[in-house]
Every structure is written in structure tokens, then in C-alpha cells.
Amino acid sequence: MGSMITITGQQIDFLHPEKTKVLPRDLCQGLQYEHRYGGHIGPYNVLSHLLFCKRMAEAWGYSPLEIAMCAAHDLHEAYTKDISSPMKEVLGEAWRRIEEPWERHVLTSVGFQWPIPPDLYQKYKKVDKRALVVETAYFEFPLYDYVSQGDVESVTPTEIDMLRRVLMLEPHEKWQEVWGAVGMAR
């Protein structure tokens with residue numbers, strides 16, 4: 001009851017993340033098959049998003065730890081799935097009771113400090129929000145309430161090219177780069 005099985009055969013108890021060993025194979029499998037935006041913009045998965053965020057952080061001159069955080073910030077979604085922000089708002093406290101413990105468990109399991117230091121949190125959130133804007137422009141996806149037309153119009157050809165290059169990679173190439181960056185947290 002209240003559980004699922006991962007690719008490695010682990011039973012996931014959503015209310016007790018500490019019972020789950022965070023394994024790279026489970027993360028990779030879950031992230032490459034977990035589509036963003038509820039699956040409404042084609043085959044754009046969380047793994048691609050993490051790699052895109054990692055590459056943006058590199059382009060912005062972030063430190064190795066900041067790059068690692070950008071590459072890791074949604075790893076927990078291999079277990080909890082990518083729930084859209086509007087749905088999270090509807091679910092409210094019920095969702096926070098699931099997501100926050102999983103985020104903490106996964107991030108600390110791969111070497112990050114918890115709670116995330118405020119400056120590190122702000123850095124990865126800045127990249128994550130810009131990734132949303134670029135993804136919105138690239139996929140010509142309808143605007144979210146928190147993405148303005150002006151934001152989308154500010155997207156540069158360099159950002160679009162960076163996303164395009166991420167999408168051209170094979171899943172194992174994406175995972176190697178993301179996991180390699182995450183290793184900087186250890």
C-alpha cells in the first residue's frame with residue numbers, strides 16, 4: 001500500500017523515503033522516462049532538464065558546487081515524479097509532506113548539505129526559472145502565469161542552441177554528464 005517498485009527492484013514507500021537506497025540506476029531510469037509539463041510537450045524529460053540547467057550554470061560561470069546543485073535539484077523526481085507547479089498548489093500541504101522529505105533524502109544521499117544553504121538555493125532557482133523560460137520559447141509552449149511574453153522574447157539564440165544540443169544526446173550521455181556534475185557535491 002502506498003508504494004511502487006523501481007527498476008532495481010526496490011519497493012518505494014512514499015511516506016518513508018529513508019527506507020529507500022538512492023541508486024544511480026534508479027535515478028537514471030526514473031528521470032529519463034519522466035516527462036516534464038505533464039507530458040504535454042513531447043519527449044522532454046527531467047533528465048534533459050537537469051542537463052540543460054547544468055550547462056546553463058556552467059555558461060553563467062557558477063562554481064562546481066553550484067553546477068552540481070543545478071544538475072541535482074530535481075533528482076528526487078525519479079521517485080516522486082514531476083508534478084506541475086499548478087498541481088502542487090492544488091495539492092498544497094499534502095504534496096509538501098511527500099516532496100520535501102524525498103528531496104532531502106535524495107540530495108543528502110548524493111552528498112549535498114540539508115537544508116540547502118540560501119545562497120546555493122537562490123543560484124539554482126535562478127537557473128531553473130530561466131530554463132523554464134527557454135523551454136517555453138523552444139517548445140512554443142503556452143505561457144505559464146509566471147512566465148511573461150517579455151521573458152520569452154528575451155531568449156537568445158545561444159540558449160536555444162544549448163537546449164537543442166542537450167536534446168540531441170542519447171540518454172546515457174545525458175546521465176553521465178549529470179551524474180558527473182552531481183559528484184562534485186561529494
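Quick notes on this one:
- Links that overshoot a 25 Å alpha carbon limit, given the list K81/K123; K19/K174; K21/K123; K88/K123; K19/K126; K88/K125: K19/K174; K21/K123; K19/K126
- Residue of A57, A71, A94 that the Gaussian network model of the chain assigns the largest fluctuation, springs spanning Cα pairs under 10 Å: A94
- Label-point separation in nm, E100 to I41, each point 7 Å along Cα→Cβ: 2.8 nm
- Dipole of the chain, positive end: most advanced residue of G42, V152, P115 [Cβ charges, Cα centre]: P115
- Region 107-183 and region 9-74 have Cα centres spaced 10 Å apart.
- The charge dipole of region 15-120, taken about the Cα centre with unit charges on the Cβ atoms of Lys, Arg (+1) and Asp, Glu (-1), comes to about 240 debye, rounded to the nearest 20.
- With each label modelled as a point 7 angstrom along the Cα→C-beta vector, the Y121-Y144 pair spans 1.8 nm.
- Basic side chains Lys and Arg get +1 at the Cβ, acidic Asp and Glu get -1 at the Cβ, and with that the dipole of region 3-185 about its Cα centre reaches some 320 debye.
- Orphan Cys of the chain, criterion: no other Cys C-beta under 4.7 Å: C28
- About its Cα centre, the dipole of region 127-183 is roughly 120 debye, where the only charges are +1 on Lys and Arg Cβ and -1 on Asp and Glu Cβ.
- Degrees, to the nearest 10: 46-59 long Cα axis against longest axis of the chain: 50 degrees
- Between helix 171-182 and the chain there is an angle of about 80 degrees, using the helix long axis and the longest principal axis of the Cα atoms.
- Mean Cα-pair separation over length for region 21-81, i.e. relative contact order, pairs under 8 Å, 6 or more apart, %: 40 percent
Each reported figure results from applying straightforward, stated rules to the coordinates on display, with no laboratory input. The structure displayed is predicted, hence computed values, not measured ones. Reconstructed Cβ throughout: ideal geometry from the backbone, glycine too, with neighbour counts over all protein chains shown.
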